[in-house]
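A.B. asks: Quick one: this structure, given as structure tokens, is what I'll be asking you about.
No lab work stands behind these numbers, since they all come straight from the coordinates. The shown structure was predicted, so the numbers you read here are calculated from the model rather than taken from an experiment. Every residue, glycine as well, gets a Cβ built from its backbone with ideal geometry; the counts of neighbours run over all protein chains shown.
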Amino acid sequence: MGQHHHHIAANRILSADDLRKQFGYSQDTNTLLQDIAGESHKKLLSELAAIAQHQFLSPGKKGLVKGFFLFGPPGTGKTTLARRLTLELAERFAHEAGSQSVVMATIDGAEIARSRYGESEERILDIFAHARNGFTAQNQRSVVLFDDIESVFMSRDNQNAKEWHFSQDSVFFHAVDELDTSRSILILTSNRPDLVDAAILDRFLAYEVGTPDAETMCQIISSLVRSQAIGEADLEKIENATIDAYARGEIRSIRDAQKFILSCYVASILGQESRAYRPSRASTVP
């Protein structure tokens, strides 16, 4: 029987099928066509999945690891990594007796922040109640992602922190301490870890997801280009142009690479550079 989730938009809860579509799952080859690239991301995924799987299988409900805090510059793949982890866990538990697989619930400031006194706290408790009981079905495991955590749980040492920040943070930390780790794992992401409450570092395993090294970035660029429906004649041209732009320092993150590849792709359709606004100075395929 499905659970009623008043406070979380339906499109913020992703099933394994939703995630397979996002990563371009091919039934013919039983592979993900747009999987994460680069050894550093793959090793991190393997570590997170091993920890989460161990706790999901543990008979105890109070595991030591409540979740993971992923921090680093924008566009380095933190949210993508969280989604890929959910899919990995969903695949591992797909055939477990009585299991409803694993879903991902994404929470941001808009899901929580409310002006009425006490309502934000109620929403936090509601989220954790669903993490315990299931977001869309009974006996369902979940990965709960709090994206850009600094916008939700500001450090209580921050001079801009208000009284309601203290109350909201307190409710959140108490709920984290009571989390059933056999049912859920939390992931928090941040571009500005300096703005995040220090208590988060006390409760979560922290991992820096930095700008990929040159070899990894080239792997990511090749994977991004070749996952798109681009004609063979343009594939190598766009791939080389993007790698060259990275070498010139015009691409500094995965997001930059995506934007540059997009501009190259549109230019290949038009036969010239697009008139679309592009803040980057990187040029497209000559």
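A.B. asks: Restrict the search to region 15-84; then list the trypsin sites (Lys or Arg not before Pro) that DSSP places in a loop and that have at most 14 other Cβ atoms within 10 Å of their Cβ.
C.D. replies: On the way: sites: R20, K21, K42, K43, K61, K62, K66, K78, R83, R84; in loops: K61, K62, K66.
Qualifying residues, ordered by number: K61, K62.
A.B. asks: Note down the net charge around E236, summing +1 for each Lys or Arg and -1 for each Asp or Glu among other residues with Cβ under 14 Å from its Cβ.
C.D. replies: Within the 14 Å Cβ shell, the charges total -2.
A.B. asks: Which of the lysines could be linked to K21 by a straight reach, that is with a Cα gap under 30 Å, when you skip same-chain ones fewer than 8 residues away?
C.D. replies: Filter leaves K42, K43, K66, K78, K237, K259.
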